[in-house]
Amino acid sequence: MAPAASTNANTQTPPPADNAFTNYVSYHDPETDSPRIGHYDLSNESIQPLSFLSGAPITNLYQVIEAQSFHIDGSGSHIVKSGETYPAPSVKILPPLTGRDVLCVGKNYAEHAVEFNSSGFDSSDKVDQPSHPVIFTKRYTSIVAHGEEILLHPEFTQTADYEGEIGVIIGKAGFRIDERDALDHVWGYTIVNDVTARERQRDHKQFYIGKSPDTFCPMGPIAVPASKLEKTLRVQTHVNGKLRQDATTKDLIFSIPFLIKTMSEGQTLMPGDVLATGTPAGVGFGQKPPVYLQPGDEINVSVTGLGTLTNRVASLSAPNRTMERYQASSSFSPLANTLKSPNLKGLTTINGKPTYYKASGNTDGPPIVFVHGLGATSEYFTPLISTMNLNEKYRVHLYDFEGHGLSPTHPLGRLNIESLAADLNGIFEHANIPTDATLIADSMGTYIALQFVLSHPGKISRLILLSPPPSPLPEALGKRLHDRAQIARRHGMSAVVDSAASSTKPDSLIALKPLALAARRISLLGQDPEGYAKACMAFGGATERLRANDIVTSDASSTAKNVKVLTAGESRRDGHEFDLKSVYGAALGDGGWTRTVEAGGHWSVFHDLEGVVEVLDGYLHG
């Protein structure tokens, strides 16, 4: 909703020249489904999206405020246009600042102090003019945007009242700020409607309870730097088109610099803090007789250069959306590994978790599903799929398991082989993959595949295990994986690359070819440290032998059914001597093959693509 027209000729600023934006508005970007900052041209009701010079989109006003302390190009301008404008009525406007309680001042206009002291609602003082500023806060959950409805809460109050105010936005942190320096700490201004439950304000003998009900702090629609505004600001409030309040900052009992000095005497003011400076005379209880807000009332608060904050009073049956507004937030947000997929775009919900999954190839062909290993992603199989032209014959299913590639992970989510196998089953269920599927797994992904086959018998007909590790995992290797998890968490993936991707380390049997080594390093560096660490812990805990012999047995009581199995890899893994046939031989039987390829650790597709293709070609087409 666009601001209502103001009766004050000074309430609108002219459109700025390029790189001179003034009317910062927070809005919900319909394209990215996320908050965004733009310039609100009040004259034509349009919003110009903004970004920093780097091209990074601006998502909140806190970023704008912080950016003022940087001088990247010497011009002092860090903000530019970004994309086409939106008609303001076509997007949802958001409050300019959220997430913090608003610092407020009571009885800061002389005439209002008189009307309040004589109203019977003032239990804070016995004189018309206070000797010290009356300071209180409004709960941050009371903040709503321009255009949102105000709830009356009839079970809570019968005396809901409006208070149009000028909001000061702090731009520089300060403690015990000198009054002479106070304006140096001001970034800019916005509009606040300090809606109040009068009898609660009286009965509780303090202001917080009566000031903080949900929706009782409309704010906006814009925030403007102080340098772009006049020195004296006028605030006017209209209710249903009638002027009720009209005063300027010259009428304040305690000036803005004095308020900043007072509020910072015992506490540090922080960038982005909002200080509501008090309301003029003319509130509802000051009318003769008193008039309180009713359903359908429209309140317009206008301030010089800041436009008009417009809100209607909701019907008594209107639902309270505050819980919904804040339910999406989380102390664990954002999930690890989400920056690659903003707002989880392009992800599929598998087992209740956002997961990167894609299907390609021949829609009528038999299904083939790939499971990558530790430190890899679904892209690891691209050279294999391309070289063998698998998309022509097969319906190819690829995914990144939790925490790897593009799939995020929640801090409370614990990974183990069983959970990863359950997610693989979720892929089968989501894609409705038929039972003639071929499952190809690489390295430690083979643990996932084996656990999946054992837990969900009858879902595949062929199983291909590339470079499978020993089962159970040797104790020393498990310890190394746990150590690597700590390296990732403490020092990041560059340290992991140094310890795990070097061809001189003991977890590489042979020296990788240069391109294979580069691909391995790139793959590891692209991982999220926390997602990688959790997978290390999961694979490092694979201390129980997987019952591979159950996969191909014809025993009707077995946990799995006859599955043709191929294992391809080395006779050593991570410095440990083992024979594929001795470890997986029972699973191979007459229906399985084992082949040796120059695997290069668990990166066989990178290191010996031709060898892997030769083995798979004979198996898939044999």
Of Y380, Y326, Y357, the only residue that is in contact (Cβ under 8 Å) with a residue 60 or more places away in the chain, open to solvent by 20 Å² or more (accessible area, probe 1.4 Å) and either β-branched (V, I, T) or closer than 30 Å to V497 by Cα (or both) is Y357
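In region 429-447, how many are outside any loop (DSSP other than H, G, I, E, B), in contact with a Phe, Trp or Tyr (Cβ under 8 Å, 6 or more places away or on another chain) and of a type outside the set (D, E)?
Qualifying residue count, region 429-447: 9.
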Only one of (1) acidic (D, E); (2) over 22 Å from L473 (Cβ atoms); (3) crowded, with 17+ Cβ neighbours inside 10 Å does not apply to D436, and that is (3)
Discussion item. Within region 309-325, does at least one residue satisfy the condition of being in contact with a helix residue (DSSP H, G or I) (Cβ under 9 Å, 6 or more places away or on another chain) and outside any helix (DSSP H, G or I)?
Written reply: no
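Every residue in region 249-302 that is part of a strand (DSSP E or B), closer than 19 Å to E165 by Cα and open to solvent by less than 20 Å² (accessible area, probe 1.4 Å), please.
Filtering region 249-302 for residues part of a strand (DSSP E or B) gives 252, 268-269, 274-276, 298-302.
Cutting the leftovers down to closer than 19 Å to E165 by Cα gives us 252, 274-276, 298-302.
Across region 249-302, the qualifying residues are V274, L275, A276, I299, N300, V301, S302.
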Selection from region 203-246 of residues of a type in the set (V, I, T), over 27 Å from Q294 (Cβ atoms) and under 32 Å from the mean Cα position of the chain (by Cα) yields I222, V224
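Matching residues to (1) on the phi < 0 side of the Ramachandran plot; (2) of a type in the set (K, R); (3) in contact with a helix residue (DSSP H, G or I) (Cβ under 8 Å, 6 or more places away or on another chain):
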residue	(1), (2), (3)
M270	yes, no, no
L275	yes, no, yes
G278	no, no, yes
Q287	yes, no, no
G296	no, no, no
S302	yes, no, no
Checked region 175-206 for anything open to solvent by less than 10 Å² (accessible area, probe 1.4 Å) and either at positive phi or of a type outside the set (A, V, I, L, M, F, W, C) (or both); matches are G188, T190, N193, D194, T196, R198, Q201
Selection from region 448-472 of residues of a type in the set (A, V, I, L, M) and buried (at least 22 other Cβ atoms within 10 Å of the Cβ) yields I448, A449, L450, V453, I460, L463, I464, L465, L466
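Answer yes or no: is there a residue in region 365-378 that is among the aromatic types (F, W, Y), closer than 29 Å to E614 by Cβ and at pLDDT 95 or above. Walk me through it before giving the result.
Here is the first cut: in region 365-378, the ones among the aromatic types (F, W, Y) are 370.
Checking the rest, the ones that are also closer than 29 Å to E614 by Cβ come to 370.
Add one more test, that the residue is at pLDDT 95 or above, and what stays is 370.
Looking through region 365-378, at least one residue is among the aromatic types (F, W, Y), closer than 29 Å to E614 by Cβ and at pLDDT 95 or above.
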Going through region 45-59 in order, the residues found to be at pLDDT 95 or above and either among the polar types (S, T, N, Q) or within 15 Å of the chain's Cα centre (by Cα) (or both) are S46, Q48
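Within region 179-230, can you find the residues that are of a type in the set (D, E) and either at pLDDT below 95 or out of contact with any helix residue (DSSP H, G or I) (no Cβ under 7 Å at 6 or more places or on another chain) (or both)?
The first filter runs over region 179-230 and keeps only residues of a type in the set (D, E), leaving 179, 181, 184, 194, 199, 203, 214, 230.
Listed by number, the residues that qualify are D181, D184, E199, D203, E230.
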When (1) open to solvent by less than 10 Å² (accessible area, probe 1.4 Å); (2) under 18 Å from P280 (Cα atoms) are applied to P221, the one that fails is (2)
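For region 356-395, what are the residues that are touching a Leu at 6+ places or on another chain (Cβ under 6 Å) and part of a strand (DSSP E or B)? Let's see the steps before the verdict.
Initially, region 356-395 is screened for residues touching a Leu at 6+ places or on another chain (Cβ under 6 Å), giving 356, 358, 369-370, 375, 378, 383.
Scanning region 356-395 gives K358, V369, F370.
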| message | Can you say whether S26 is modelled with pLDDT of 90 or more, within 30 Å of Q236 (Cα to Cα), of a type in the set (G, A, S) and surrounded by 20 or more Cβ atoms within 10 Å (Cβ to Cβ), as far as the supplied structure shows? | response | yes
Per the filter on region 303-316, residues under 34 Å from the mean Cα position of the chain (by Cα) and surrounded by 15 or more Cβ atoms within 10 Å (Cβ to Cβ) are V303, G305, L306, G307, T308, L309, T310, N311, R312, V313, A314
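The values are calculated or read from the model by the stated rules, or taken from the named source; none is laboratory data. Source: prediction; values computed, not measured. Neighbour counts run over all protein chains shown; Cβ positions are idealised from the backbone, glycine included. Surface areas here come from the heavy atoms of the whole protein model, side chains and all, with no ligands, DNA or RNA. Shrake-Rupley method; radii C 1.70, N 1.55, O 1.52, S 1.80 Å.
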